[in-house]
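**Q** Once you've had a glance at the structure underneath, I'll fire off some questions.
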Amino acid sequence: MVLAAPVEGTDDPAATRRRRKSRESGAEVGKAGPLVYIMLALGAALSVFPLYFMFVVATRTNDTIGSLPPVLTPGGQLGDNVQRLLDNEDAHFLRGLLNSVLVSASVTIAVVLFSTLAGFAFAKLRFRGRNALLLVIVATMAIPVQLGLIPLYILMVELGWVGELKAVIVPFLVSGFGVFMMRQYAASAVSDELIEAAKVDGCSTLRIYWNVVLPAVRPAAAVLGLFTFMQTWNDFLWPYSVLNQDQPTVQLSLATLSSGYYSDFSQIFAGTALATLPLLMVFLLFGRQIIGGIMEGALKA
Amino acid sequence: MSTDVTTPVPATGPPGPPPAGNRQSRKEHWSALRSRADSKISPYLYIAPFFLLFAIFGLYPLVYTAWVSLHDWELAGAEHPWSGLDNYRQLVTDEVFWNSLWNTFGIFVLSTVPQLTLALLIASLLNRRLRGRTFFRLSVILPMATSVAAVSIVFSQLFSRDFGLINWTLGGFGISPIEWQASKWSSWSAISLMVNWRWTGYNALIFLAAMQAIPRDLYEAAALDGAGPWKQFTRVTVPLLRPTILFTVIIATIGGFQLFTEPLLFNSGSSNYQGGSLRQSQTVSMYVWENAFVKFDFGYASAVAWVLFLIILLFASLNALAVRRLGGKD
Amino acid sequence: MIRALRRPHRRPRRGAATLGLGLAAVLVAATACGGEDDAAAGGEGGQVNLTVSVFGNFGYEQLYREYEASHPGVKITERGTGSDLSNYTPALTKNLATGSGAGDVVALEEGIMIQFKEKAQNFVDLGQYGGNEDKANFLPWKFEGGQSADGQKLIGLGTDVGSMGMCYRRDLFQKAGLPTERDAVAKLWPDWDAYTTVGKQFVGKNTGAKWFDAASNTYNTILVQEAGKSPGYTYFDKENNLAVESNPAVKQAYDRMIGMIGDGLSAGYKSFSDQWNAGFKQGTFATIACPAWMLGYIQGQAGEANKGKWDVTKAPGDGGNWGGSWLGVPSQSKHPKEAAELVRFLTSPKSQVAAFKSVNALPSSPVALDDPATKAFKNPYFNDAPVGEIFGTGAKELQPVYFGPRNQAVRDAVESTLLAVQQGKLKPEEAWSRAVRDAEQAAR
């Protein structure tokens, strides 16, 4: 709801034209009737509502939670709530934000790079043990997270990384999910003919990766990047285990705010809203890239 | 991305090795050698970073846990005597474990099936000539941007017995307040709703990306054969989406069976790791947590976690098989 | 780190994998500046950095500054302020299990302490640093509570105790035609029978509120009182055998609670849940059995708008304790001597009085309890109730109760069945057998 205007506003005319053009050659089925709009609007409303509710609480006093009928319009307390949030010395909120940006960006870049590379190898290159290795990667995703907590922590102790940001970065530079996703996508989206043609031209696999595969998988890579960024941004259990309160990620700051002893809901929600805001911004950025990427990819392939 | 007419997409068929053949064409000898070396070695280099980092940060914890599961290992205890398969034997007769597995399975079904169905529907709605498409696309994936913690805080409010919006609305229809945490069906549904809310849009986007890769002429051909929109959807879209559906099902299985934070926070308050007064919504992951950090029985927790790991593997392969079979009919 | 940086250079220039590794190394390098500085390492060149790990709020800020001023070269950092126990306990356990990451001084809440008494090897013996000299400073049971299971080591010195009072809503009492002044209110409930009778009266007046918040808290208060009279333990006897069935105090308290639920007295919340929290503000229950440390919690939840509506008085029956903590020094600390000295300072009677005035943490030291400053202290939020007086009396009369190392798991299991009865998911007559079964399962 809040986002509607900026999203539409950011569409630059050139991109729109490109999209229009691609629409003609694209695979969209039929024109949307009123029913489609109603259903989509409903879906959009349901998606946005809880976020909107968060915003409402963030702009009101602490009494909002638990009043009946529920309060559904924003109030004027946002500044006050944010002020209390920033004054809260225990939370280290700004430092948490900064740390989260750093951590999430590092992890995202690495995951996208390694996943597209490996995904390409699994989808389009033939090598001994390919299927078995892919299976191993899928299997790695099945490892319950809570399980690794203690051994991974012991490892961090041995490396001397406890309390340092690299402890929440390095173990996550690769992702089985990412590799699997890029493999699935590359398998269907990268044309074998193009790869063969490039090979005939004497291109090395690295060049093929760079010139053929990367452009073709960009939409999925953007989705993966977005996904990774958000997951890293929102991760709690591991940062909580390995970092300290004075060097937190933003979720740790939030936890400090929201944990049991004094629940100041409007402060918590103000924090949550502020912590979600950068994500929403990244989200808009990447959102355009996903959509734009799909269309541009279609033109370039 | 090749929706270009001249480069048809080989999206059909089970994912397998690309068609072999015409590779040994006429090429210069040296370049053939180099290219052979390239194609022999570089795949391994491309997957090396993953396996390298995984070995350190993934495999080691796994092996370590397996080792721990064979001991009577109390967290922060002084000694860890060897106990062989005792922990696994205990697990077989542990009602609480089976209950948690049943809950996990129930929540998994309640979240995966509606989620993927809805995602397919939304994707097909989005895959039309549409005004405000950016807006719609972004709004359905917006929930992803929130952290589990935020989702849980908000939904706990919505599902509150006395002051929740949902009970208040139901009250308008004369339905008396439901205590959502109290029964299996209600707690499962509420938790599934959180999961669905967060991930439906994401899956819709994945489906959409795949739908856009389907060449338009396939639909035109189908239309010429007299297939209506529904037939086109079931005959063209769904079969071509099979690899993507497979992908999302496997991801949902893996995520669903590890569900932890949502049910934990949904059952807010003391002893929330129990997942309700009679463990109505305790998942296996929560049971692992309970054993490790409430009872400090790290050995048993490790055994449960390992069994969970094997169950996920089993289910993921079963699902993969089922989806393949499903698509194979067409 | 250095290893990671070198790796790419050693590799032949093969492909993007190398490039990726290089990038990863750069990323690592870029973030290396973030973490460890002297705060974590500490200790070189005369400067001693001590980290204190707490949950919630112990009210020590002022005391740290005081200590630093009188001990040049010592710098104190507090960690975990505001975190809740359900996060704090696993983190602390993990830190102890792996031998790293715990503070130099750690707070040990009652429930954790019971478990760690058996794992004394994780802690420094404070006795080696003069801790035993402080014995007279503490209530005897509190001091003994800080000793290891075999009684050989002193692993913690007491901070506060959780002796019980009863918090109540004046406005709801007035609405129901009950007295509102705390002495008169205390006379309403000399024992739990009377408490139940008044409760039925109250509920009969249809104020829209229930008599008390949750079965679990009230039940536990009754149980600890009963157990204090005899046999001196709750779910585990002193040989750590499960005693849920054999201990009459458990069954007695359980049946009493089942009766109260049947009378419709309980609001049916789960303690510390969001809804319970909201209940303080909404006034959905009229009374709650409250230890001293909970006053701050109630104030936080009920908010400024409800100031003066809440009041606190003596609880029914005699004695009872819920919570309260100790401070210990993990053996992994690099500065055990300095840390132990800080523990002794923070748990001294003088410091306890300061913490009490700051966050209502009721002293575990009789000296501090008798301190005029404690006795005279009134809590303005609770209608100027003399909380030092109300809680202090109970604290000194308290009969110590033994808890087994698996107490928490069993307690959770038993209390959960009470919640299930309130939810209508368990028939009252079937609840006890279920409680016994679940307790056995939890004790395994």
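The values are calculated or read from the model by the stated rules, or taken from the named source; none is laboratory data. Being a predicted model, the structure only gives us computed values, none of them experimental. Every residue, glycine as well, gets a Cβ built from its backbone with ideal geometry; the counts of neighbours run over all protein chains shown.
**Q** Please determine whether any residue of segment A:129-145 is within 12 Å of chain C (Cβ to nearest Cβ), surrounded by fewer than 24 Cβ atoms within 10 Å (Cβ to Cβ) and closer than 30 Å to A:LEU274 by Cα.
**A** Just the residues of segment A:129-145 that are within 12 Å of chain C (Cβ to nearest Cβ), to begin with: none.
Within segment A:129-145, not a single residue is within 12 Å of chain C (Cβ to nearest Cβ), surrounded by fewer than 24 Cβ atoms within 10 Å (Cβ to Cβ) and closer than 30 Å to A:LEU274 by Cα.
**Q** Which one is nearest to C:ILE390 (Cα to Cα) among residues in segment C:360-379 that are more than 20 Å from the chain's Cα centre (by Cα) and of a type in the set (Gly, Ala, Ser)?
**A** C:ALA376
Conditions (1) farther than 27 Å from B:SER156 by Cα; (2) out of contact with any strand residue (DSSP E or B) (no Cβ under 9 Å at 6 or more places or on another chain); (3) surrounded by 22 or more Cβ atoms within 10 Å (Cβ to Cβ); (4) basic (Lys, Arg), marked per residue:
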{"site": "C:ALA243", "(1), (2), (3), (4)": "yes, no, yes, no"}
{"site": "C:LYS251", "(1), (2), (3), (4)": "yes, yes, no, yes"}
{"site": "C:ASP255", "(1), (2), (3), (4)": "yes, yes, no, no"}
{"site": "C:MET260", "(1), (2), (3), (4)": "yes, no, yes, no"}
{"site": "C:LEU265", "(1), (2), (3), (4)": "no, no, yes, no"}
{"site": "C:LYS281", "(1), (2), (3), (4)": "no, yes, no, yes"}
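**Q** May I pose another question? How many of the residues making up segment C:77-95 are among the aliphatic types (A, V, I, L, M) and either assigned by TED's automatic domain parsing to the domain that holds C:TYR297 or crowded, with 23+ Cβ neighbours inside 10 Å (or both)? Before you say what the answer is, go through the steps one by one.
**A** If we filter segment C:77-95 for residues that are among the aliphatic types (A, V, I, L, M), which is where we start, we get C:85, C:91-92.
Imposing the further condition that a residue be either assigned by TED's automatic domain parsing to the domain that holds C:TYR297 or crowded, with 23+ Cβ neighbours inside 10 Å (or both) reduces the set to C:92.
Summing the residues that are among the aliphatic types (A, V, I, L, M) and either assigned by TED's automatic domain parsing to the domain that holds C:TYR297 or crowded, with 23+ Cβ neighbours inside 10 Å (or both) in segment C:77-95 gives 1.
**Q** Still on this model: It is to be established whether one or more residues within segment B:211-220 are more than 14 Å from chain C (Cβ to nearest Cβ), closer than 30 Å to A:ALA220 by Cα and without any contact (Cβ under 8 Å) to a residue 12 or more places away in the chain.
**A** Of all residues in segment B:211-220, those more than 14 Å from chain C (Cβ to nearest Cβ) come to B:211-220.
Remaining after also requiring closer than 30 Å to A:ALA220 by Cα: B:211-220.
Subset that is without any contact (Cβ under 8 Å) to a residue 12 or more places away in the chain: B:220.
Yes, that holds for at least one residue.
**Q** Confirm whether B:ALA123 is at pLDDT 90 or above, part of a helix (DSSP H, G or I), within 14 Å of chain A (Cβ to nearest Cβ) and more than 30 Å from B:SER277 (Cβ to Cβ).
**A** Working: at pLDDT 90 or above: no; part of a helix (DSSP H, G or I): yes; within 14 Å of chain A (Cβ to nearest Cβ): yes; more than 30 Å from B:SER277 (Cβ to Cβ): yes.
For B:ALA123, the condition - at pLDDT 90 or above, part of a helix (DSSP H, G or I), within 14 Å of chain A (Cβ to nearest Cβ) and more than 30 Å from B:SER277 (Cβ to Cβ) - is not met.
**Q** Can you tell me which of C:GLY320, C:GLY328 is surrounded by 24 or more Cβ atoms within 10 Å (Cβ to Cβ), farther than 17 Å from C:GLY127 by Cβ and either out of contact with any Phe, Trp or Tyr (no Cβ under 9 Å at 6 or more places or on another chain) or not hydrophobic (A, V, I, L, M, F, W, C) (or both)?
**A** Working: C:GLY328 fails: farther than 17 Å from C:GLY127 by Cβ.
Unique residue meeting the criteria: C:GLY320.
**Q** Here is a follow-up. Among the numbered criteria (1) away from chain C (no Cβ under 12 Å); (2) closer than 26 Å to B:LEU205 by Cβ, which one does B:LEU265 miss?
**A** Failed condition: (1).
**Q** Can I ask one more? Please note which helices (runs of 4 or more DSSP H) are completely contained in segment B:162-249 and include at least 3 residues that are farther than 30 Å from A:PRO69 by Cβ. Break it down stepwise before answering.
**A** Working: elements: B:165-172, B:184-212, B:216-224, B:229-232.
By residue number, B:184-212, B:216-224, B:229-232.
**Q** Anything in segment A:4-50 that is touching a Ser or Thr at 6+ places or on another chain (Cβ under 9 Å), facing another protein chain (nearest Cβ under 7 Å) and modelled with pLDDT under 85? List them, or say none.
**A** A:ALA4, A:VAL7, A:GLU8, A:ASP11, A:SER25, A:GLY26, A:ALA27, A:VAL29
**Q** On the given criteria, is A:THR108 of a type in the set (Ser, Thr, Tyr), part of a helix (DSSP H, G or I), within 15 Å of A:GLY178 (Cα to Cα) and facing another protein chain (nearest Cβ under 7 Å)?
**A** Numbers: of a type in the set (Ser, Thr, Tyr): yes; part of a helix (DSSP H, G or I): yes; within 15 Å of A:GLY178 (Cα to Cα): yes; facing another protein chain (nearest Cβ under 7 Å): no.
Judged against the criteria, A:THR108 is not a match.
**Q** A further question on this structure: One residue is enough: does segment B:283-292 have a residue meeting the conditions within 14 Å of chain C (Cβ to nearest Cβ) and under 17 Å from the mean Cα position of the chain (by Cα)?
**A** Within segment B:283-292, one or more residues are within 14 Å of chain C (Cβ to nearest Cβ) and under 17 Å from the mean Cα position of the chain (by Cα).
**Q** Output the residues belonging to segment B:225-260 that are surrounded by fewer than 22 Cβ atoms within 10 Å (Cβ to Cβ) and within 30 Å of C:GLN408 (Cβ to Cβ).
**A** Hit for segment B:225-260 is B:PHE260, nothing else.
**Q** Give me the residue from segment C:406-424 that is surrounded by 19 or more Cβ atoms within 10 Å (Cβ to Cβ) and not in a helix (DSSP H, G or I) and, out of that set, nearest to the chain's Cα centre (by Cα). Walk me through it before giving the result.
**A** Our first condition is that a residue be surrounded by 19 or more Cβ atoms within 10 Å (Cβ to Cβ); within segment C:406-424, this holds for C:406-423.
If we keep only those that are not in a helix (DSSP H, G or I) as well, we get C:406, C:423.
Details: C:ARG406: 16, C:GLN423: 26 Å.
Only one residue tops the list, namely C:ARG406.
**Q** Next question, about the same structure. Could you pull out the residue among A:VAL174, A:VAL213, A:VAL190, A:VAL168 that is at the interface with another protein chain (Cβ under 7 Å from one of its Cβ atoms) and either surrounded by fewer than 24 Cβ atoms within 10 Å (Cβ to Cβ) or of a type in the set (Val, Ile, Thr) (or both)? Don't jump to the end; show me each part of the working.
**A** Working: A:VAL213 fails: at the interface with another protein chain (Cβ under 7 Å from one of its Cβ atoms); A:VAL190 fails: at the interface with another protein chain (Cβ under 7 Å from one of its Cβ atoms); A:VAL168 fails: at the interface with another protein chain (Cβ under 7 Å from one of its Cβ atoms).
Matching residue, one of A:VAL174, A:VAL213, A:VAL190, A:VAL168: A:VAL174.
**Q** In the set B:VAL304, B:VAL294, which member is more than 26 Å from A:ALA123 (Cβ to Cβ), surrounded by 21 or more Cβ atoms within 10 Å (Cβ to Cβ) and without any contact (Cβ under 8 Å) to a residue 24 or more places away in the chain?
**A** Values: B:VAL304 fails: without any contact (Cβ under 8 Å) to a residue 24 or more places away in the chain.
Selected residue: B:VAL294, the only one of B:VAL304, B:VAL294 that is more than 26 Å from A:ALA123 (Cβ to Cβ), surrounded by 21 or more Cβ atoms within 10 Å (Cβ to Cβ) and without any contact (Cβ under 8 Å) to a residue 24 or more places away in the chain.
**Q** Please verify whether segment B:127-134 includes one or more residues that are part of a helix (DSSP H, G or I), within 13 Å of another protein chain (Cβ to nearest Cβ) and in contact (Cβ under 8 Å) with a residue 12 or more places away in the chain.
**A** Going residue by residue through segment B:127-134, those that are part of a helix (DSSP H, G or I) are B:133-134.
Adding the requirement that they be within 13 Å of another protein chain (Cβ to nearest Cβ) leaves B:133-134.
In the following step, the residues that additionally are in contact (Cβ under 8 Å) with a residue 12 or more places away in the chain were identified as none.
No, every residue in segment B:127-134 fails to be part of a helix (DSSP H, G or I), within 13 Å of another protein chain (Cβ to nearest Cβ) and in contact (Cβ under 8 Å) with a residue 12 or more places away in the chain.
**Q** Another question, then. Would a scan of segment A:112-119 turn up a residue that is among the β-branched types (Val, Ile, Thr), surrounded by fewer than 18 Cβ atoms within 10 Å (Cβ to Cβ) and more than 9 Å from chain B (Cβ to nearest Cβ)?
**A** First pass over segment A:112-119, keeping only residues among the β-branched types (Val, Ile, Thr): A:112, A:116.
In the following step, the residues that additionally are surrounded by fewer than 18 Cβ atoms within 10 Å (Cβ to Cβ) were identified as none.
No; the residues of segment A:112-119 include none that is among the β-branched types (Val, Ile, Thr), surrounded by fewer than 18 Cβ atoms within 10 Å (Cβ to Cβ) and more than 9 Å from chain B (Cβ to nearest Cβ).
**Q** Kindly state which helices (runs of 4 or more DSSP H) lie completely within segment C:54-136 and contain at least 3 residues that are closer than 21 Å to C:GLY162 by Cβ, touching a helix residue (DSSP H, G or I) at 6+ places or on another chain (Cβ under 9 Å) and in contact (Cβ under 8 Å) with a residue 60 or more places away in the chain.
**A** Numbers: elements: C:61-70, C:85-98, C:110-116.
Here the list reads C:110-116.
**Q** Next question. A:SER204 - would you say it is of a type in the set (Ser, Thr, Tyr) and touching a Gly at 6+ places or on another chain (Cβ under 9 Å)?
**A** Values: of a type in the set (Ser, Thr, Tyr): yes; touching a Gly at 6+ places or on another chain (Cβ under 9 Å): yes.
Yes.
**Q** Helices (runs of 4 or more DSSP H) wholly in segment B:26-98 with at least 3 residues that are at negative phi and within 13 Å of chain A (Cβ to nearest Cβ) - which ones?
**A** Working: elements: B:29-54, B:60-68, B:86-92.
So the answer is B:29-54, B:60-68.
**Q** Would you please name the residue that is surrounded by the most Cβ atoms within 10 Å (Cβ to Cβ), looking only at residues in segment C:104-116 that are under 23 Å from C:VAL74 (Cβ atoms) and under 18 Å from the mean Cα position of the chain (by Cα)?
**A** Narrowing segment C:104-116 to residues under 23 Å from C:VAL74 (Cβ atoms): C:104-108.
Still in the list and also under 18 Å from the mean Cα position of the chain (by Cα): C:105-108.
Details: C:VAL105: 25, C:VAL106: 31, C:ALA107: 26, C:LEU108: 26.
Once the filter is applied, the top-ranked residue is C:VAL106.
**Q** Further question on the same structure: Assuming C:THR180 fulfils every condition listed in (1) modelled with pLDDT of 95 or more; (2) not in a loop (DSSP other than H, G, I, E, B) apart from one, which condition is it?
**A** (2)
**Q** From the list B:VAL113, B:VAL140, which one is at the interface with chain A (Cβ under 7 Å from one of its Cβ atoms), in a helix (DSSP H, G or I) and not acidic (Asp, Glu)?
**A** Numbers: B:VAL113 fails: at the interface with chain A (Cβ under 7 Å from one of its Cβ atoms).
The match here is B:VAL140.
**Q** When residues of segment C:255-279 are filtered for being in a helix (DSSP H, G or I), modelled with pLDDT under 90 and out of contact with any Asp or Glu (no Cβ under 8 Å at 6 or more places or on another chain), how many remain?
**A** The number of residues fulfilling the criteria is 2.
**Q** Give the residue, chosen from B:SER187, B:SER160, B:SER156, B:SER152, that is among the polar types (S, T, N, Q), in contact with a helix residue (DSSP H, G or I) (Cβ under 6 Å, 6 or more places away or on another chain), over 12 Å from C:GLN275 (Cβ atoms) and crowded, with 19+ Cβ neighbours inside 10 Å. Reasoning before the result, please.
**A** On the way: B:SER187 fails: in contact with a helix residue (DSSP H, G or I) (Cβ under 6 Å, 6 or more places away or on another chain); B:SER160 fails: over 12 Å from C:GLN275 (Cβ atoms); B:SER156 fails: over 12 Å from C:GLN275 (Cβ atoms).
After ruling out the rest, the residue left standing is B:SER152.
**Q** Among (1) within 8 Å of another protein chain (Cβ to nearest Cβ); (2) crowded, with 21+ Cβ neighbours inside 10 Å; (3) part of a helix (DSSP H, G or I); (4) modelled with pLDDT under 90, which single condition is A:GLY163 missing?
**A** With (1) within 8 Å of another protein chain (Cβ to nearest Cβ); (2) crowded, with 21+ Cβ neighbours inside 10 Å; (3) part of a helix (DSSP H, G or I); (4) modelled with pLDDT under 90 applied to A:GLY163, the lone miss is (3).
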